[in-house]
Amino acid sequence: MLLQLEGLTVRFGGVEAVSAVDLALEPGASLGLMGPNGCGKTTLFNAISGIVRAERGRIEFRGADITRLAAHDIARRGVARTFQTVRLFDRMTVLENAAPTRFPVDLRAVMEILESLKLAGRRDALAAELSLGEQRRLEVARALARAPHLILMDEPTAGLNPEETEEMVALIRNAVLPACAVILTEHKPGVIAALCRAAVLLDQGRKVLQAVPGELFASAAFHAAYLGTVDRNGISQDK
Amino acid sequence: MDDHLVGVLCNIGIISFVALSAYVLLLAGEVSFGQQAFFAMGAYAAGMATAVLRWPLAPALLVGALIGALTAAIVGRATLRLTGLYFAMATLAFAEMLRIAFELFVWQVDVDGSLVGPKGTDGFGDIRYLFENEITPAQYMAGVYVLLALVLAGFAAIDRSRFGRMLRQAGADPLLAELQGVSVVRVRLVAAAAAGALAGLGGGLYAHLLTYVEPGNFNIMLGVHSLAYGLIGGLGTVLGPVLGVLIDIGLLESSRLFEGYRMIVFGGLVAVLLIVRPRGLLDERAVHWISSCVKGLAGALAARRLDRSLRRR
Amino acid sequence: MIDLIQNTLDGAMIGSSYALLALGFTLIFGTMRRLNLAYGPTIMAGAYLGTYAALRLGIGAVPVALLVVAGAALAGLYVERLCFRPFGEGAAITSMISSFAVWMQIEEAATLVLPQHLNAFPPLVAGAPITLGPFFFRLDHLLMLVVAAAAAALVHGVLHHTRFGLGVRTVIDHKRAAELVGVPVMRTLTLAFVLACAIGGLAGFLIAASEAQITPMFGMWATTKGLIAMMLGGLGSLPGAIVGGLALGVIEAHAQWLFGPLVRDLIAWGLLFAVLAFFPGGLLGAREAGQAAALQRRV
C-alpha cells in the first residue's frame, strides 16, 4: 500500500471535520473524493499533508507512520498537493515556482514537465501574470516536478470553463496519472469518471461509500449527500 | 577626496551592513526591530578585541561577526516560532535589553598606562586601531567597500542557489513552502544567524571608524531605520537596502539640503512611499521588468551583431 | 515591609497612568489589528502643544489638559490618515513601519517648536503629600489614580452603553460581520483611533504634569511603556491592558527601589521578552492567542 488511513479523525473545537475515515491507496492508483462542500475533503488533505493534526487514527505512507510528522517532512517523503484556490509564489517566475527546492534541480526535467503542461513558453513570466488556467497548470507542474509518489489534487478544475476543464482532464490523464498516484477531489462527476477507477463519497466527515465512479453516482447515498433526502415532509436538508 | 566625503561614504557602506541584515530577515518573512543588537555585539566585541586584547583588525572583525551570528541564532531559537508583530516586538525587547546591559557593562583594563574598555553609560572609547596602524580613512573606506562587495556577491550567489529560493519561498508563503518540503523554521534560523553575522561585521567596522561607541548608538532608531532602508530601496534585489541607505544618508543627511528637518522629510518619504510602492522602489516587479529589458537588449544586440557579420560576409 | 507596601502603592498609582496608556494602545490594536508605533509621539505632540501654550499664554492646568488631549487626538487623526487608512487589513507590518516614519516626523517637529531638551510642564497640584500612618501619598499621584480610574470607567461606559461603543466592540470581534450588520466600519475605526489617542493624551498629561517636565524622548517612552503594558496583559484585551499597566507600574517601582533605573528598564524589557517567548498570549489574552493559532491552522 502507498497510503493507508486508519480511523483518521480531525476535530476543530466541537466539530469533527473528519471522523474515523479508513482509506487505502495502491501505488500509481487514482482515487476520486466526492462530497458536498464542508464534507471534509480539504481537511482530509490537510491532515495527510501535515498541516492539521489528527486527533485520533493513523496515517501510513510507504510503510512509515507519518501521522505526527511536520509538513515539510511529509512533503519530502513524496506527497505533493494542489489547492482549491490557486496558491503560488506570486512574485516568482513560472520556472522558480516549478523547480523543486529539495532535490538537486534537474532543469531539463523541469522544462519537460512545463512543456507537457504547455507552460514552457511562459517560463520567465511572474506567476501573478498568468491566467487562471495557466496558474492551475503551474500548480500541477510544481507538484509533478518534485517527482512525488502521491499528488493530492484539490478541485483542479474549479473556476475553469468547459473547454479548459476538458483540457485539464486530458493533461492530468497524460502527464500526471502515468507519473504517480493521485487523490482528486471534485464536484464534476465527469472529471472523476474520466480520471479515477474508484471514488469515495464523504459526507459530514464520514466515509459513506467507496465504489466504481459510475456506481457511486447512481447510488442513493450520493444523491442524499448532495441533494438531501426526500421524506414525507418534502426535502429535508437534515441528514 | 575630502575627509567629509570619505566619512559619508564610509558611513553609507557600514550602515548598509545592518540594512542588509534586516533585509535577510525580511526575505525570510520576518520583521525584526532588533538588528541593532547584533550590530552592537559586533561593535563591542571587535572593539574589545583590538583595543583591549591588542588583536589585529581582521580576526577582531571575524569574532564580531561570529558573536553576532551566535547570539542571533540563540535568540532566533526562542523567538522564530513567533510571527509578525510578536516577532518584531520580541526582537525589539531583546535589543533594548542588550542596550541596557551595555549601559551596565564595565570592563576596563590597563593598556600601556591608560584604562581602556567599555565603561557602561560613558561608552567605550579609544578604539584606536586605525590611528595606531596608520590606516588612512580612504584606505579604510576601500576596505569597507571590498567587504560590502563580497557580501553583495555572496547574496547574488545565494539568490540563485537552492537556499536562496527556499528563503524567498519561506518568506512569501511559509505554509506553501512547507508543502514544498522546505523546513521553514530551519531556513529562518539560518537566515537569522546570517543576518546576525552581517550586523556583527558592520558593527565591528563601525566601532573602528568612530573610535568611540556608546550604548545609545544602538537604540531602536537604528533598528527601525535599518528595516526602513530595505522597504524604501526595494525588496526585489539585494541592492534595494543599499539604495535606501544611499537615499537617507547620502542624499538627506549629507547634502544638508534639509538641515534641521531631515526627519520630517525622510519620515514623510517613507510613509508616502509605503502607500505608493509597498515593497519599495526596486520591488520584484521592477527587478523582473529591468532584467527582462536587459535580456531583451542583450538579445537585440546579439541579433544586430549577427546581422552585421552576415552582411559583411 | 513598610517599604514594600509603599513601593507597591506608588507603583500602582504610576501604573494607573500606564494602564491608561495601554488602554488607548489596545483600543487601536483591537479595532485595527495593527500596532501604532506613533502612539507615544502622538501623545507627545499634544503635550508639546500644551506646554507651549502654557509657556506663552500662562494658562492653568485644566485648559492645558484639554489642549494636550485635543492635540493628541488631532495628531492621531494625521497618523490614521497617513499610516492606517491607505492600507488593507493584511498590511500590519506596513502600517507599523509607516507609523514609525511618522514618529520621526513628530519628534523632529517637536524639537523645532521647543528646541531645548528639557521643557517645564505645568504641574497638576502643588502641596505636601498626605501621610497615612507610615505611608505617604503624593497628591498628584493620587489625582492620577483617580483621573485614570474615572477615564477607564468612562471608556467602559462608552464601549458598553453607546451605539458607537457597540460598533467598536462589533468591529473588534469580527470586522466583516460588523460590516454586514451595518456598522459604519470606516467611521468607527477612525473614531476609535482618535478616541484612543485622546485617552493616551490624558495619560500623557497626567504623567508630564507629575514629572513637571517634558523632553523629546517622551514619545519613545510612552510608546515603549504602553507597548510593554499592553503586551503583558495580552494583545487586544482591554481588561488585560489595565492589569498589564498596573503590573508594570508595581514591578517597576520595586525594581527601581532595589536596583536603580537602568535595571528597572532591563527588567521591564526582559519581562516583555519572556512573556512573548513563553506565553505569547499575555496574561489575559489567551482567547486572542487561540484565535491567532486558529488563523494559522486555516489554509
Multiply the residue gap between residue B:212 and residue B:126 by 0.36 nm, knock off their C-alpha separation, and tell me the result in nm, one decimal place.
30.3 nm
Using only Cα atoms, find the angle between the long axis of helix A:132-145 and the longest principal axis of chain A, and express it within 0 to 90 degrees, rounded to the nearest 10.
80 degrees
Leading residue at positive end of dipole, the protein assembly as shown (Cβ point charges), from C:166, B:237, C:123:
B:237
Residue range of chain B that is longest and free of GluC sites (Glu not before Pro) which are both DSSP loop and sparsely packed (at most 13 other C-beta within 10 Å)
B:1-133
Output ³J(HN,Hα) for the stretch A:83-100: one whole-Hz value per residue in order, computed from phi by the Karplus curve 6.51 cos²θ - 1.76 cosθ + 1.60 with θ = phi - 60°, and x for Gly and Pro.
10, 4, 9, 3, 10, 10, 7, 4, 8, 10, 6, 4, 5, 5, 5, 7, 5, x
Mean 1/r over all different Cα pairs, inverted: what Kirkwood radius does chain A give, in Å?
18.5 Å
Would you mind telling me which residue in B:230, B:203, B:280 has the biggest mean-square fluctuation in a Gaussian network model of chain B, where springs connect alpha carbons within a distance under 10 angstrom?
B:280
Under 8 Å for C-alpha pairs, at least 6 residues apart: give me the relative contact order for chain B, rounded to a whole percent.
31 percent
Cβ-based charge dipole, the protein assembly as shown, positive-most Cα from C:76, C:148, A:9:
A:9
In which sequence would C:3, B:159 go, from the one with the fewest C-beta neighbours within 10 Å to the one with the most?
C:3, B:159
Springs between alpha-carbon pairs under 10 angstrom, Gaussian network model over chain A: which of A:88, A:150, A:69 fluctuates most?
A:69
With runs of 4+ DSSP H residues as the only contributors, calculate the mean residue ellipticity of the protein assembly as shown at 222 nm using -39,500 (n - 2.57) per run, divided by the residue total and rounded to the nearest 500.
-20000 deg cm²/dmol
Which percent, nearest 5, of DSSP beta bridges in chain A are antiparallel?
60 percent
Note down the relative contact order for the stretch C:129-265 as a percent, whole number, built from C-alpha pairs under 8 angstrom at least six residues apart.
11 percent
Give me the one-decimal nm value for the distance between modelled label points at residue B:303 and residue A:20, 7 Å along each residue's Cα-to-Cβ direction.
6.8 nm
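If you restrict to DSSP beta bridges whose two residues both lie in the stretch A:109-239, what percentage is antiparallel, to the nearest 5?
Antiparallel bridges make up about 60 percent of those DSSP assigns within the stretch A:109-239.
Calculate the translational D of the stretch B:178-313 in whole µm² s⁻¹ from Stokes-Einstein, where the hydrodynamic radius comes from the Kirkwood formula applied to all Cα pairs, the temperature is 25 °C and the viscosity 0.890 mPa s.
The diffusion coefficient I find is 133 µm²/s.
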Would you mind ranking C:100, C:279 by Cβ crowding within 10 Å, fewest neighbours first?
C:279, C:100
Considering only B:180, B:82, B:156, whose Cα is most displaced toward the positive end of the charge dipole of the stretch B:57-204, charges sitting on Cβ of Lys, Arg (+1) and Asp, Glu (-1)?
B:180
Considering the Cα trace of the protein assembly as shown, what is its radius of gyration and what is Dmax, both in angstroms?
30.7, 110
Rounded to the nearest 20 debye, what is the charge dipole size of chain C about its Cα centre when +1 sits on each Lys and Arg Cβ and -1 on each Asp and Glu Cβ?
900 debye
Calculated FRET efficiency, residue B:159 and residue B:257, Cβ-Cβ r, R0 22 Å, to nearest 0.05?
0.05
Can you figure out the FRET efficiency of residue B:107 with residue B:150, using R₀ = 35 Å and their beta-carbon distance, to the nearest 0.05?
0.65
At a Förster radius of 45 Å, what calculated FRET efficiency corresponds to the Cβ-Cβ distance of residue A:85 and residue C:137, to the nearest 0.05?
0.15
Return the Rg/Rh value of chain C, two decimal places, where both radii are evaluated on C-alpha atoms and Rh is the Kirkwood radius.
0.97
So in the protein assembly as shown, what percent of DSSP beta bridges are antiparallel if you round to the nearest 5?
65 percent
Averaged over residues of B:92-103, the number of beta carbons from other chains lying within 10 Å of each residue's Cβ is 6
Give me B:274, B:176 sorted ascending by neighbouring Cβ count inside 10 Å, so fewest comes first.
B:176, B:274
Starting from the Kirkwood radius over alpha-carbon pairs of the stretch A:1-133, derive D by Stokes-Einstein at 37 °C in a medium of 0.692 mPa s and give it in µm² s⁻¹.
195 µm²/s
Report, as an integer, the average count of C-beta atoms from other chains found within 10 Å of each Cβ along A:66-73.
4
Please tell me the relative contact order of chain A in percent, rounded to the nearest whole number, where contacts are Cα pairs under 8 Å and at least six residues apart.
25 percent
Could you state the principal axis extents of the C-alpha atoms in the stretch A:1-41, from the largest down, to the nearest angstrom?
36, 21, 10
Given the options B:184, B:294, B:213, which has the most mean-square fluctuation in a GNM of chain B, springs set between C-alpha atoms less than 10 angstrom apart?
B:294
Shielding of B:166-178 by partners, i.e. mean partner chain Cβ atoms within 10 Å per residue?
4
How far is it, in nm, from the label point at residue C:158 to the one at residue A:163 when both lie 7 Å from their Cα along the line to the Cβ?
5.9 nm
What is the distance, in nm, between label points placed 7 Å from the Cα along the Cα-to-Cβ direction at residue C:77 and at residue C:126?
3.6 nm
Please tell me which of these pairs span more than 32 angstrom C-alpha to C-alpha: B:119/C:225; C:175/C:225; A:118/C:175; A:188/B:295?
A:118/C:175; A:188/B:295
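Bear in mind these aren't lab numbers, they're just calculated from the coordinates by the rules spelled out. Just so it is clear, the model here is predicted, and its values are computed rather than measured. Methodologically, a virtual Cβ is constructed for each residue, glycine included, from the backbone with ideal geometry; neighbour enumeration extends over all protein chains shown.
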